[in-house]
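Below: one structure, written as structure tokens.
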Amino acid sequence: MDEYIIFDTETTTDETQRLTFGCFRYVVRYRGSFHTLAEGLIYADDLPTRDPDAYRTLFRYCAGHSADVDMRFLGPREPDWRLHLISRKQFVERWMWDIGYKRNAIIAGFNLPFDFSRIALSVTDARPPFTDGFSFQLWDYTLRPNLRIKHLDSKKSFIGWTYTTIADTPNTRGRFIDLRTATFALTNVPHTLDSAADVFGCSRKTHPDTHGVITSDYVDYCRNDVNVTTELLARVTEEYERHPIPIPLHRVFSPATLSKGYYRSMGLVPPLEKYGIDDSTYGRVMSAFYGARTECRIRGARVPVTLVDFTSMYPTVNALMGMWDLLKARDVNIVEATDSIRELIDTHHLDDYFTNRNLWHQFVGIARIRPDGDVLPVRAQYGDGSTYNIGVNHLTYDGDLWYAIPDLVASKLLTGRTPNILEAIRFVPVGQQDELKKVALRGDTVIDPMGSDFFKWVIEQRARVRDTKPALAEFLKVLANSGSYGVFAEMVRDDALTETTVEMFSAPDTPWRARVRHPERPGQYAWPPVAASITAAARLMLAMLEKCVLDAGGSWVFCDTDSMAICRRTDDDPEFPALTDARIDDIIERFDTLSPYDRSLIPHVLKKEYVGYCYAISSKRYALFDENGKVEKYSEHGLGHLKGPHAEWKRDIWSHVIGTYEGSSEWLDTPALSQWSVSTPRLYRTLNVWNQGKNYPDQIKPFNFVSAVYMRPQHKPRLRQGIRGIQLITGYLGGTSPLNAEWINKYDPNGPRYTITGGNIEDDMWGNAPDVVKVVTYREVLADYSIHPEAKFADAHGEPCGPYTRGRLYRLHVRLGGIDFIGKESNKVDDVQAGLIDAADLQMIATPGDIKWDQMRDAIFLVLSRYTTTENARLAGISRTEYHRLQSGKTRPHPQTRNALVTMAVHIACEDLKRSPRLVKDPRTVLAEWKYTCGNAATNAK
């Protein structure tokens, strides 16, 4: 018999969000059914003295109501009909300690981190393995274990008890089920309690007229929340137990956990465990790994389009490439394939990749190339951006780079030229591992992993049961999405606050050691050859679609991972090359030849998703609307970090962009707000200015909501000496206007307090109103959003796209000066955008000086060739012989010599390019630019 404690708390609506009261239920699971045996209300310890009227309201409520328990329960424990009223201290003593800890009951709720932080007495930083998390003291006895919580993202957290030294007391991590996490894991959709109850068929939440004031109706609301949570727990548990997965529900954190659980149930051995491939090979493969292709190619125009997308892109390319055979193999051979890959790419054309699906089985591999104008994914800091983006552009580089084979096929299709392949390897399956087990997915439909292609089977089975078994169909969709790509690319980031020395393997042949703050380790089923091949094959599919559209005389507005908006011909004269509906249908039918699925179940591998109009600004910033301008689908990219003044504000932003908004625009002149949770100790420490000297209940606590505003550089106030950044934050606003709140600088919490305005400040900001700051309004957000450049591509004149570029965009020609090394591709990008962390805190790996020297050497000596060897050697402080040895690459220079040669070359290059050496951040960029603009002339002259 499992025991459960389910609870929820209510708080004040000021910035402290302190506990007022809450509700709990004691539930047992007996013979498969959930039974509530006790219920009670929890009140803040100081509520009787702080708010006697509120306490009396709770007292009278309990006196006039009975507990909502199962009085007919005939199990080993008796139900208690009384509705108990207990203090926070009594709750943690009786229920958390005696039942939750000692008897290891499951503690459940919706958004548990917030509720636990309400009933705590104090908080400190947690120790490993909960580094960068919180440790909460729940009881007065300090020898008892604390509760540790480490926030992972908005949907999940690690929760567990610390160890205790109390005699005769067991040590346990505990069992905690946050239903916000569990419902996400089962549906792959972030839920509120209300939406989760709707999806799982539970009773619906009620909504009080006001929050924060204890009334009889408000108590009803809290009790109903716990009732809905209890019902949801039962439904979620029942749903989860349909899956034959050897992982308890309290250890499930995401849909990927389900996928890995099924692979484990099948007996699939993780590739890193069974394939003896060296780390150097994995390093080269990971250097060839790029994420999805997202582009805007017609900007700032209202264009009629047909949006087409691929059916389950990643499962489809997995089936085409035979990935399941590779994953279930007994072993994998690394086959030298330089000549065969050259021949494959050189001799085959677009039609071959449609008609001969066997060619796709040769795509699982990588090749070392010397890029010379080839169209390839390039990860770089385009424009003035501080983060790395991927653009599929023309690439030239004097060195060698590794790319996945499908990317080289795509380049040949788009340029007509075969890349210069220097070396290629393929990963070929050998046999099958020991017998895999049949598994019943969701306990309903059985898959034989030995005789079926898992990826193909899941998609087809979903189509079979979509109408008859919708719940199974929804799960199969979750399984297809999480099990066909993410688990193979999973890298687990260590958020330890101290640097660690690790050995690095990447494109260079020689590994090196580096100091990193957040080392990463592969997930359980991570395997670089599969991960790199999957995304490359998806980019190949888009390249084939692009080629079909261009060959037919059309153009397209945007593409996004697995979709493309093709310009559609209407009765009006097209502004851009467009295709008729019939020609688009022909392209769709052409892709049918690639379908690995049963056509009676999946008619088209490429299908129409929407027919209407499109307006695009940049990658992932687009809207689809009908002929009347009604926005029907829109991107939230670039707006997700903002809270917004009303529910439909993002749709309204897009209506403004395309010029069809008809409502009131007053909300546009209010400050643009973000709201985020105080989820890390580092962020929590910035609130010390408010919290210092206050008791814990009166503090702004972990997992409180904090509001933030933004300002333009010209409106930033003068900062105190030594303070370089500014991000204004305040506590939870509730119903308080941000104009009436007191704000502090997150980077200077002990500095001045500010008030904000969204309008103009008539007085001198630095004189008469030094503490009044003009912040960005939603109108300014709209203005910036609508002109965000697509910096990855060029305009008709070959210049990088600017804020006011309109019309068709074209591929840039990227000339690399060198390579830097980064960690997980999208580390906390959303947090950077919201201002939670600096871009500098992203995972960057220092490029060793020797590697940078190798990247720059030829360009350095080309620049220095303007002067004699004797003069250059003298200025560098070395002999002529040493200079020649460095020039030929026989040796690498001493750091002092290296710095001297680099400085000399940069000054000469800057003189030719007419720029200041002091503005050069990375010498590789200016040397590459010089080589392109001046190097050929210098070589010819010589």
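In a residue-by-residue description of segment 327-342, the property of being closer than 30 Å to F558 by Cβ and touching an Asp or Glu at 6+ places or on another chain (Cβ under 9 Å) applies to no position.
Restricting segment 313-349 to residues that are among the polar types (S, T, N, Q) and under 13 Å from L359 (Cβ atoms), which is farthest from the chain's Cα centre (by Cα)?
T347
When A367 is tested against the conditions (1) touching a Lys or Arg at 6+ places or on another chain (Cβ under 8 Å); (2) over 23 Å from D560 (Cα atoms), the lone failure is (1). A single entry from R866, R918, R892, R874 fulfils the requirement of being in a helix (DSSP H, G or I), of a type in the set (D, E, K, R), more than 38 Å from the chain's Cα centre (by Cα) and surrounded by fewer than 17 Cβ atoms within 10 Å (Cβ to Cβ): R874. Only one entry of K412, K456 meets the criterion of being outside the structural domain of T237 (by TED's automatic domain parsing), farther than 30 Å from R264 by Cβ and in a helix (DSSP H, G or I), and that entry is K412. Take the residues of segment 152-197 that are among the charged types (D, E, K, R) and assigned to a loop (DSSP other than H, G, I, E, B): which is surrounded by the fewest Cβ atoms within 10 Å (Cβ to Cβ)? That would be D168. A single entry from I744, I756 fulfils the requirement of being over 11 Å from T16 (Cα atoms), at pLDDT below 90, part of a strand (DSSP E or B) and in contact with a helix residue (DSSP H, G or I) (Cβ under 7 Å, 6 or more places away or on another chain): I744. Residues that are in contact with a Gly (Cβ under 9 Å, 6 or more places away or on another chain), under 30 Å from H641 (Cα atoms) and in a loop (DSSP other than H, G, I, E, B) occur at least once in segment 104-126.
Counting only helices (runs of 4 or more DSSP H) that sit wholly inside segment 622-717, those with at least 2 residues that are within 24 Å of the chain's Cα centre (by Cα) and not acidic (D, E) are 649-658, 681-685. Note on segment 345-385: residues that are free of Cβ contacts under 8 Å to residues at least 24 places away in the same chain and either of a type in the set (K, R) or not in a loop (DSSP other than H, G, I, E, B) (or both) amount to 5. Residues in segment 242-259 that are closer than 18 Å to V189 by Cα and assigned to a loop (DSSP other than H, G, I, E, B) were compared, and the one that is nearest to the chain's Cα centre (by Cα) is S254. Pairs linking a residue in segment 125-153 that is at positive phi to a residue that is in a loop (DSSP other than H, G, I, E, B) and buried (at least 19 other Cβ atoms within 10 Å of the Cβ), with Cβ atoms under 7 Å and 6 or more positions apart or on different chains, are D132/T680.
Within segment 703-740, restricting attention to residues that are among the small types (G, A, S) and surrounded by 19 or more Cβ atoms within 10 Å (Cβ to Cβ), which residue is farthest from D14 (Cα to Cα)?
Quick first cut of segment 703-740, residues among the small types (G, A, S) only: 707-708, 722, 725, 731, 734-735, 737.
Now narrow it down to the ones that are surrounded by 19 or more Cβ atoms within 10 Å (Cβ to Cβ): 707-708, 731.
On the way: S707: 12, A708: 16, G731: 8 Å.
Going through the qualifying residues, I end up with A708.
R521 falls short of the stated requirement of being part of a helix (DSSP H, G or I), of a type outside the set (A, V, I, L, M) and surrounded by fewer than 19 Cβ atoms within 10 Å (Cβ to Cβ).
The values are calculated or read from the model by the stated rules, or taken from the named source; none is laboratory data. Everything quoted here is computed from the prediction, not taken from an experiment. Please note: Cβ atoms are built from the backbone with ideal geometry, for glycine as well, and neighbour counts cover all protein chains shown.
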